[in-house]
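S.K.: Handing you this structure, nothing more for now.
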Amino acid sequence: MLRILLLSLFFVFSFSLQAKKIALIIAVGDYPASTGWSPISSANDVPLIKSALIKQGFTEENISILLNSDATRAGIISALENLNKILEPGDIVVIHYSGHGQQIADDNGEEIDDKDEALVPYDAFVRPSYNYSGQNHIRDDELGKLITNFRNKLGKDGQLMLLLDSCHSGSATRGGKARGGAPTFAPEGWSPSENKTKSGSDMLETAQIKPDAAPFVLFSGASANELNYEYEGVGSLSYAFNKAMTDLGSDFTYRQLYNKMAATMNVISPNQTPTIEGNPDYKVFKGEYVKQEPYYEILSLPRPDVVKIQAGKLQGIFPETTVAILPAGTTTYDPSKVIAKGTVKLARFNEANIVLDKALPGTNAKEYWVFIDNRTYGDISLQVYLDASTKNSGIQAALEDFLSENNLGKLVQDSLESSVIISENQGSFLLKATNGEMTVDQTEDSRGSAAFDDLRQKLFNYAQGQYLKDLQMNNPEYEFSFRLLPVSYDVVMESYGENLDPNAYIDANGMFSVVPEVDHVVLEVTNESDRELYFSIIEINSRGEITPFMPNDQFSLNDNERKLAPGQTMVFKDYVFTFGPPYEKLMLKGFAAPNPINFKATVQSRGESSRGSTNPLESFLANTYTQSRGGNGAAVSGKLDGFATEFVYQIVEERK
């Protein structure tokens, strides 16, 4: 029946030049008793999803439904393949799945925790037997390849949205009807390896994605270690989706949609946390990209007038920094939408407590976002020396005002006391690092006041980069290491092959070197400690500009996907980095901690993974100043609970 419907859709729309909106809704709830799965109310989700889509311009004939006994493994795969056949570039596609989910023993060594996540079709069994070894489960890597094919075919003008109202947790149900909840599907005697090299695999990123692939968003009903509960006979994610689509109207981003859904689920199912992956700053079912100003989500509400965020000195947030609380989903700081204002009173390494000027109207933390108003910089100090070559009469006063007003340091009379030296040559200001007299950047003096603004920003960037380069965190309980591994690349097949010998990429000085448009590398990360940890890696160039390295805009990892078990090594073979000029030395700075580290206040603009792109963090890290000790190391007060390490490499014109 589905095949006939999809083929008819193909003939009806194959001659249309206008983008189509097409949906496939899969719902499996009446599992046969022989499979061992308990029945759930998935069929009740169908009208919720369908009605929400119709309100957004989807037509009945373009919404296909695969229900219960039709949703076998073969039926689901066939439906996805047939859907792909009728698509044209620029189309908008929604795929929804309601049903059980389950973790299953990894069959190819590509999962961080030795477990694949899998959808559970109508004919999949809950546990292994003499004649069933999981062959009817739909694994994440298999689904990922199908989804990547969708994205490649839809192209940059299309969109793909997926909703998975299921879960994969093996925990016991704590009451209510849960989707999932069965132990990991694995043969008798199996246990996950704790010290094995694996490549991290995002659920939907296991196949090769073209540069002009369609943006996509994946909504999941619960994080990987949680159960997904039903609410009043329907899936909690499906309910929240329908409600959010109704409440938001017709002009909103996927990020706003997610936050509306998360707020609803925090009320109806507070024990689970929905997740979002992909490109959330596009407008729903529209091609327009909306720039999102940086913000922080609230971690907890210790009392109505106090909020805690998971960001602190590491992210440049210090005591007396002022903030504003706005409704979740706000794309830009709008004074008319401010709910309350507050001041940071306690700033630790990766946390901050904020006292508000009035109590929040509600206790649902998901309803609020925190925007930075005015920053303070604690005991930060930048020592600036003006070389005698600077002839511009206004530069000294401008810099003195800048440093004084922001309490960022001072001008010094002796170059030996300085962090940076500013000189002038042929109409340009030169910013040089005192240590080594290396030219960091330059600004044309002829630009007048704009030149001063540019120079101040470059001082910000340099000092910020120096602070993070120098930052020391040495808690051995979270010790980890990482490195870049070169891989082969087939230019004809556009595919990546085996790992290459890293020693061949090290020059006579012991520096790892890469050549633009020639070399390709992957990231290897190892937990050297006896505790679980979360890692995050940034890249700092010679000018102090900071970009996220892993995760980044192109290679998005959720918190669980960058959690390392004790002794575990991950090789991210699906995330391949390339390089481009300028030729320079760069530092990768990695941080590990017991809790996730958020270097990006929000997901930023779509960036290339190539090093040739100078896409600096558009969050606070790219616009704020942090401490520099001029090469003498950084001292940070407060609780430092983590570990930091570095990997230095250089981009060269040719390897010698």
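S.K.: Return only the number of the condition from (1) surrounded by fewer than 22 Cβ atoms within 10 Å (Cβ to Cβ); (2) under 30 Å from residue 153 (Cβ atoms); (3) among the hydroxyl-bearing types (Ser, Thr, Tyr); (4) modelled with pLDDT under 80 that residue 275 does not satisfy.
M.R.: (4)
S.K.: Having 1 or more residues that are under 21 Å from residue 516 (Cβ atoms), touching a residue at least 12 places away in the same chain (Cβ under 8 Å) and not polar (S, T, N, Q) is the bar; report the strands (runs of 3 or more DSSP E) wholly within the stretch 531-594 that clear it. Explain how you work it out, then say what you get.
M.R.: On the way: elements: 533-540, 546-550, 569-571, 585-593.
It comes to 533-540, 546-550, 585-593.
S.K.: If I filter the stretch 43-87 down to residues being part of a loop (DSSP other than H, G, I, E, B) and buried (at least 18 other Cβ atoms within 10 Å of the Cβ), which single residue comes out as farthest from the chain's Cα centre (by Cα)?
M.R.: Going residue by residue through the stretch 43-87, those that are part of a loop (DSSP other than H, G, I, E, B) are 56-59, 71-72, 87.
The next check asks that each one be buried (at least 18 other Cβ atoms within 10 Å of the Cβ); those that pass are 58, 71, 87.
Values: 58: 30, 71: 32, 87: 28 Å.
Checking each candidate, the answer is 71.
S.K.: Looking at the stretch 245-280 only, could you name the residues that are of a type in the set (D, E, K, R) and over 20 Å from the mean Cα position of the chain (by Cα)? Break it down stepwise before answering.
M.R.: Of all residues in the stretch 245-280, those of a type in the set (D, E, K, R) come to 247, 251, 255, 260, 277.
Within the stretch 245-280, 247, 251 meet the criteria.
S.K.: Give the residue that is surrounded by the most Cβ atoms within 10 Å (Cβ to Cβ), with candidates limited to residues of the stretch 228-263 that are closer than 14 Å to residue 52 by Cα and among the aliphatic types (A, V, I, L, M).
M.R.: Only one residue fits best here, namely 237.
S.K.: Say whether the condition of being closer than 13 Å to residue 120 by Cβ and in contact with a strand residue (DSSP E or B) (Cβ under 9 Å, 6 or more places away or on another chain) is met by at least one residue in the stretch 44-66.
M.R.: Initially, the stretch 44-66 is screened for residues closer than 13 Å to residue 120 by Cβ, giving none.
No - not one qualifying residue is present in the stretch 44-66.
S.K.: Just give me the residues in the stretch 482-496 being over 30 Å from residue 529 (Cα atoms), touching a strand residue (DSSP E or B) at 6+ places or on another chain (Cβ under 7 Å) and touching a residue at least 12 places away in the same chain (Cβ under 8 Å), in sequence order. Steps first, answer last, please.
M.R.: From the stretch 482-496, those over 30 Å from residue 529 (Cα atoms) are 488-496; that's our starting set.
In the following step, the residues that additionally are touching a strand residue (DSSP E or B) at 6+ places or on another chain (Cβ under 7 Å) were identified as 488-490, 496.
The answer is 488, 489, 496.
S.K.: Consider residue 562 carefully, then state whether it is charged (D, E, K, R) and in contact with a helix residue (DSSP H, G or I) (Cβ under 7 Å, 6 or more places away or on another chain). Please lay out each step first, then the result.
M.R.: Numbers: charged (D, E, K, R): yes; in contact with a helix residue (DSSP H, G or I) (Cβ under 7 Å, 6 or more places away or on another chain): no.
In short, no.
S.K.: Where the second residue is surrounded by 14 or more Cβ atoms within 10 Å (Cβ to Cβ) and aromatic (Phe, Trp, Tyr) and the first is touching a residue at least 12 places away in the same chain (Cβ under 8 Å) and lies in the stretch 497-509, which pairs have Cβ atoms under 7 Å and are six or more apart or on separate chains?
M.R.: Once the first residue is touching a residue at least 12 places away in the same chain (Cβ under 8 Å) and sits in the stretch 497-509, its partners that are surrounded by 14 or more Cβ atoms within 10 Å (Cβ to Cβ) and aromatic (Phe, Trp, Tyr) give 505/512.
S.K.: Within the stretch 183-196, identify whether any single residue is crowded, with 16+ Cβ neighbours inside 10 Å and modelled with pLDDT of 85 or more, and answer yes or no.
M.R.: Quick first cut of the stretch 183-196, residues crowded, with 16+ Cβ neighbours inside 10 Å only: 184-186, 192.
If we keep only those that are modelled with pLDDT of 85 or more as well, we get none.
The answer is no; no qualifying residue exists.
S.K.: Moving on to the next point. Out of the residues in the stretch 504-522 meeting the condition of being closer than 21 Å to residue 587 by Cβ and surrounded by fewer than 15 Cβ atoms within 10 Å (Cβ to Cβ), tell me which one is nearest to the chain's Cα centre (by Cα).
M.R.: Taking the stretch 504-522 as the starting set, the residues that turn out to be closer than 21 Å to residue 587 by Cβ are 505-516, 519-522.
Restricting the remaining residues to those that are surrounded by fewer than 15 Cβ atoms within 10 Å (Cβ to Cβ) gives 506-511, 515.
Details: 506: 31, 507: 33, 508: 37, 509: 35, 510: 32, 511: 29, 515: 27 Å.
Among residues in the stretch 504-522 that are closer than 21 Å to residue 587 by Cβ and surrounded by fewer than 15 Cβ atoms within 10 Å (Cβ to Cβ), the one nearest to the chain's Cα centre (by Cα) is 515.
S.K.: Got a number for residues in the stretch 466-478 being in a helix (DSSP H, G or I) and either more than 18 Å from residue 409 (Cα to Cα) or in the same structural domain as residue 587 (by TED's automatic domain parsing) (or both)?
M.R.: Step one: list which residues in the stretch 466-478 are in a helix (DSSP H, G or I), which gives 466-470, 476-478.
Adding the requirement that they be either more than 18 Å from residue 409 (Cα to Cα) or in the same structural domain as residue 587 (by TED's automatic domain parsing) (or both) leaves 469, 476-478.
Summing the residues that are in a helix (DSSP H, G or I) and either more than 18 Å from residue 409 (Cα to Cα) or in the same structural domain as residue 587 (by TED's automatic domain parsing) (or both) in the stretch 466-478 gives 4.
S.K.: So how many residues does the stretch 414-435 have that are touching a residue at least 24 places away in the same chain (Cβ under 8 Å), farther than 21 Å from residue 469 by Cα and assigned to a loop (DSSP other than H, G, I, E, B)?
M.R.: Final tally of qualifying residues: 1.
The values are calculated or read from the model by the stated rules, or taken from the named source; none is laboratory data. What you see is a predicted model, and the numbers here were worked out from it, not measured in a lab. All Cβ positions, glycine included, derive from the backbone under ideal geometry; neighbour counts span all protein chains shown.
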